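To keep things clear, I will list the structure first and then write my remarks on it.
The values are calculated or read from the model by the stated rules, or taken from the named source; none is laboratory data. Please read all numbers here as calculations on a predicted model, not as lab measurements. All Cβ positions, even for glycine, are placed from backbone atoms using ideal geometry, and neighbour counts span all protein chains on display.
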């Protein structure tokens, strides 16, 4: 199979891909939408894109593109620990504390706020498309005397020197990645997964207490919800839909019964996927 992922090479997404798949052809894409479009256009068989981070929450572009633009089932999820390192061009290793510019993804910059505020308070931080893209920029411009915040794979891939390790604010930092495909996917032998099913629910506009009734449809069936999140429908102020994660696989009774009850209330319901969710270690 051909696997598309958020590139360039050495992103955290590639780390997740290499944990989930063995021997597949990998193809990096510049943006998350391009990665999803490649599945629709049959350029790749599946796409791996970030969906949620422990510290920064959901990746909105992934949610919005998946619900508003493309129609690709979620067939899996993989969660990996995130370790952010401070790296510079080897030519600037000795005087790395005098960097003039810092590049990284906006989430990575936010995850390392304490380190940056303490050590580089007056140094400009520029957000780029990925941590790996930041590493590549630093390697290509040694004269800028810049630094990147990225993972160890990026340092190896782009020949940078790590001068400060594990600069993230919190130790228990993880990112989850969705695996999207229109066909069945075989994963590497990983630890026992958890089962998940994700729904998109739109509430009726003139039904008071609709959200309470939606939650009740799951509660009395004892279906455990791991997340409920609202996103704008992009049709007007105050118009939202909900993404709901359930900790069970799609069965023949409970979830179909809950969906039927929601539809009877006038809700719009779409099953985005029912899939295994893996938590893996990078060691």
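Can residue 177 be described as assigned to a strand (DSSP E or B) and either buried (at least 18 other Cβ atoms within 10 Å of the Cβ) or at pLDDT below 95 (or both)? The answer is yes for residue 177.
Yes/no matrix, rows are residues, columns are (1) part of a loop (DSSP other than H, G, I, E, B); (2) crowded, with 17+ Cβ neighbours inside 10 Å; (3) assigned by TED's automatic domain parsing to the domain that holds residue 268:
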| residue | (1), (2), (3) |
| --- | --- |
| 187 | yes, no, no |
| 208 | yes, no, yes |
| 211 | no, no, yes |
| 216 | no, no, yes |
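Within segment 18-34, does at least one residue satisfy the condition of being touching a helix residue (DSSP H, G or I) at 6+ places or on another chain (Cβ under 7 Å), buried (at least 19 other Cβ atoms within 10 Å of the Cβ) and within 23 Å of residue 228 (Cβ to Cβ)? Yes, that holds for at least one residue. Take residue 84 and decide whether it is touching a residue at least 40 places away in the same chain (Cβ under 8 Å), in contact with a helix residue (DSSP H, G or I) (Cβ under 7 Å, 6 or more places away or on another chain) and surrounded by fewer than 22 Cβ atoms within 10 Å (Cβ to Cβ). No, not satisfied.
Go through (1) over 20 Å from residue 31 (Cα atoms); (2) at pLDDT below 95; (3) outside any loop (DSSP other than H, G, I, E, B) for residue 116 and report which single condition fails. With respect to (1) over 20 Å from residue 31 (Cα atoms); (2) at pLDDT below 95; (3) outside any loop (DSSP other than H, G, I, E, B), residue 116 is out only on (2). When 149, 123 are checked against the criterion of being within 15 Å of residue 99 (Cβ to Cβ), in a loop (DSSP other than H, G, I, E, B) and touching a strand residue (DSSP E or B) at 6+ places or on another chain (Cβ under 8 Å), 123 stands alone in meeting it.
Within segment 128-144, identify whether any single residue is more than 30 Å from residue 1 (Cα to Cα), in contact with a strand residue (DSSP E or B) (Cβ under 8 Å, 6 or more places away or on another chain) and assigned to a loop (DSSP other than H, G, I, E, B), and answer yes or no. Full working, then the answer.
Filtering segment 128-144 for residues more than 30 Å from residue 1 (Cα to Cα) gives 137-144.
Now narrow it down to the ones that are in contact with a strand residue (DSSP E or B) (Cβ under 8 Å, 6 or more places away or on another chain): 137-138, 144.
Checking the rest, the ones that are also assigned to a loop (DSSP other than H, G, I, E, B) come to none.
Within segment 128-144, not a single residue is more than 30 Å from residue 1 (Cα to Cα), in contact with a strand residue (DSSP E or B) (Cβ under 8 Å, 6 or more places away or on another chain) and assigned to a loop (DSSP other than H, G, I, E, B).
In summary, residue 262 fulfils each of the numbered conditions (1) surrounded by 17 or more Cβ atoms within 10 Å (Cβ to Cβ); (2) part of a helix (DSSP H, G or I); (3) free of Cβ contacts under 8 Å to residues at least 60 places away in the same chain with the single exception of condition (3). Of everything listed in (1) surrounded by fewer than 24 Cβ atoms within 10 Å (Cβ to Cβ); (2) at pLDDT 90 or above; (3) in contact with a helix residue (DSSP H, G or I) (Cβ under 6 Å, 6 or more places away or on another chain), the single unmet condition for residue 4 is (1). Scanning segment 180-210 for residues that are under 19 Å from the mean Cα position of the chain (by Cα) and within 16 Å of residue 67 (Cβ to Cβ) yields 180, 197, 198, 199, 200. The number of residues in segment 19-44 being closer than 16 Å to residue 177 by Cβ and in contact (Cβ under 8 Å) with a residue 60 or more places away in the chain comes to 6. Selection of segment 127-158 for residues being more than 19 Å from residue 10 (Cα to Cα) and either buried (at least 20 other Cβ atoms within 10 Å of the Cβ) or in contact (Cβ under 8 Å) with a residue 12 or more places away in the chain (or both) yields 142, 144, 145.
With the structure loaded, tell me whether residue 104 is at pLDDT below 95 and under 23 Å from residue 31 (Cβ atoms) or whether it fails that test. I'd like the intermediate steps shown before the answer.
Details: at pLDDT below 95: no; under 23 Å from residue 31 (Cβ atoms): yes.
Here the answer is no, as residue 104 does not meet what is asked.
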